There are 2 protein chains.
Amino acid sequence: MKSILNVKEDILADNKRQAQGIRDELARNGVYMVNLMASPGSGKTSTILQVIDRLRDSVRFAVIEGDIDSHVDSNKVKNAGIPAVQIRTGGACHLDVPMVEPALGLLDLANLDCVFVENIGNLVCPAEFDIGADLDAMILSVPEGDDKVLKYPLMFTTCNLLIVNKTDYLALPSNNFSVERLRGHMQRLNPNAPIFEVSAYTGDGFDKLCDWLATRIRGKAEGVR
Amino acid sequence: MKSILNVKEDILADNKRQAQGIRDELARNGVYMVNLMASPGSGKTSTILQVIDRLRDSVRFAVIEGDIDSHVDSNKVKNAGIPAVQIRTGGACHLDVPMVEPALGLLDLANLDCVFVENIGNLVCPAEFDIGADLDAMILSVPEGDDKVLKYPLMFTTCNLLIVNKTDYLALPSNNFSVERLRGHMQRLNPNAPIFEVSAYTGDGFDKLCDWLATRIRGKAEGVR
């Protein structure tokens, strides 16, 4: 019998190979895919909705919602008038290619520019699985604390974009989150990942983040024309 | 080759069997063990420190800190003058018996009454692993949102105690967490788990929680005498 470690290596290698299939399909259609990872309750869905709200006049969005159970998030997205596909993992702690591929198959990729994939709320396991996205983005919310970089280093090392959400909490007397300290940690761990500070509650900071994202989404779409 | 599902079932069954060894060892010494699970940044360490601060005159504590990397939390506990053992999982997303057992071996169980095990910050994977604790407790913090019960049902179903932390955030204008809604969900999912509301920042609510815990810790110690 193979050891657990071998089994895990096999799974990750298989997944990496399969991710190329998704990448090819997205490239053919000029669709930019964002894999959004974070802890539970960090504001993934609210962040996606804030971005869509600002860019929907020029970008055609769809959202794939990963959840262990419930349709809470995909209903929020559908209520905003955006196509949404729900993946219910039934216990699994991350999304992988065999879950994302059929969900993508339900979307009309030829008529889309950007797909957000909201991963399972988990700062550990999703970081290990390539799902073929153009951007592996993560959110850290202020109430979680800036020391999470030290405690969950793989996620912070593998992401290509770090969004600091709930900046409206920075002004609270109970707050001890330092954006400067976070930037210092990231400078050592992952200096190329840009960091944007936003509040999905007030909307602060989203214009800058959306400019950055829109450039990348349009760049990919133009590659196809 | 065995399927992944078989491998996972084997691991969980092995772990369950091994957990009995920990239970026996704790019973011999009259030590009450708490497995504390939660998302990253929900306030596990601060909650442990608030409990210890209130009960340390009558209860002899030690803490086992699970972390993927870093010694941030065990240093906080040691600074409070409490014996602490750090488990660095090096990537693993949960604690299991083979990690907890040697950590317990480093503690002087004969001279302890209660061991807190701070699990990896993760609302998914730790819920599957019995580590031989008397109490599987979880924290949900207010900024995470009350809908987490619907999204991570296994954790909320298997816990024997739910602590709602950061209740000082309930008064914020951005708050949409309803303790009543949470209690409604729990009534359907896990009606026997008591729910305590605390703020590890202000200290509110800890007297009630500590009374409840102290009764159980003393009950176990008295079983040995």
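Taken together, the values in this text are just the output of simple stated rules run on the coordinates, not laboratory data. Keep in mind that this is a model prediction, so the values were computed, not measured. Using ideal geometry, Cβ is built from the backbone for each residue, glycine included, and neighbour counts are taken over all protein chains shown.
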Here the Kirkwood hydrodynamic radius of the range A:8-57, Cα-based and in Å, equals 13.5
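Of the listed peptides A:44-54, A:151-161, B:52-62, what is their order by residue-averaged count of other C-beta atoms within 10 Å, with the highest listed first? Show your work: numbers first, answer last.
Working: A:44-54: 21.6, A:151-161: 19.9, B:52-62: 16.6.
The densest-packed peptide leads the list: A:44-54, A:151-161, B:52-62.
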Hey, got the average number of other protein chain Cβ atoms within 10 angstrom for residues in A:139-145? 5
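In peptide A:151-159, how many Cβ atoms from other protein chains are near each Cβ within 10 Å, on average? Let's see the in-between values first.
Details: counts 10, 9, 4, 3, 2, 0, 0, 0, 0.
Mean partner-chain Cβ count within 10 Å for A:151-159: 3.
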Would you kindly work out, in nm and rounded to one decimal, the distances from the label point of A:D53 to those of the same position in each other copy, ordered shortest first, with label points 7 Å along Cα-to-Cβ? 3.8
Cα-Cα pairs of the protein assembly as shown separated by more than 41 Å (percent): 17
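Could you calculate the contour length gain from B:E9 to B:D24, that is, 0.36 nm times the residue separation minus the distance between their Cα atoms, to one decimal place in nm?
On the way: separation 15, 0.36 × 15 = 5.40 nm, distance 2.34 nm.
Residue separation times 0.36 nm, minus the Cα-Cα distance, leaves 3.1 nm.
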For B:E197, which sequence-distant residues (separation of 5 or more, or a different chain) have an amide H within less than 5 Å of its own amide H, given hydrogens modelled in the peptide plane? B:V164
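Net charge near A:R181, counting Lys/Arg +1 and Asp/Glu -1 over other residues with Cβ under 15 Å of its Cβ? Mind dumping the intermediate values first?
Details: positive: A:K148, A:K151, A:R183, A:R188; negative: A:E144, A:D146, A:D147, A:E180, A:E197.
Taking every other residue near A:R181 into account, the sum is -1.
Which of the peptides B:213-219, B:9-15, B:33-39 is most tightly packed, and how do the rest follow, going by the mean number of other Cβ atoms within 10 Å of each residue?
B:33-39, B:213-219, B:9-15
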Using the Cα atoms of the range A:1-152 to build a convex hull, what is its mean projected area in square nanometres? 9.8
Per residue of A:31-40, what is the mean number of Cβ atoms on other protein chains within 10 angstrom of that residue's Cβ? 3
In order over the range B:148-160: 3J(HN,Hα) from phi, Karplus 6.51/-1.76/1.60, θ = phi - 60°, whole Hz, x for each Gly or Pro, gives 4, 4, 6, 8, 10, x, 4, 4, 6, 7, 8, 5, 9
Using θ = phi - 60° and the Karplus curve 6.51 cos²θ - 1.76 cosθ + 1.60, what whole-Hz ³J(HN,Hα) does each residue of the range B:166-175 get, with Gly and Pro shown as x? 6, 5, 5, 7, 4, 7, 5, x, 7, 6
First select every other residue whose beta carbon is under 14 angstrom from the beta carbon of A:S74; then total the charges, Lys and Arg +1, Asp and Glu -1. -1
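Which percentage, to the nearest 5, of the DSSP beta bridges contained in the protein assembly as shown is antiparallel?
Values: 0 of 58 bridges.
Around 0 percent of the beta bridges assigned by DSSP in the protein assembly as shown are antiparallel ones.
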Nearest-0.05 FRET efficiency for A:L172 and B:R56 at R0 = 30 Å, using Cβ-Cβ distance, is 0.55
Residue by residue, what Karplus-based ³J(HN,Hα) values in Hz, rounded to whole numbers, does the range A:34-46 have, using 6.51, -1.76 and 1.60 with θ = phi - 60° and x for Gly and Pro? 10, 9, 9, 10, 4, 5, x, x, 7, x, 5, 5, 4
Using a label point 7 angstrom from Cα along Cα-to-C-beta, what distances in nm, from shortest up, separate A:R216 from the other copies? 4.4
Per DSSP H run of n ≥ 4, the term is -39500 (n - 2.57); total these for the protein assembly as shown, divide by its residue number, and report the mean residue ellipticity at 222 nm rounded to 500 deg cm²/dmol. -13000 deg cm²/dmol
What is the distance in Å between the Cα centroid of the range A:15-29 and that of the range B:116-193? 37
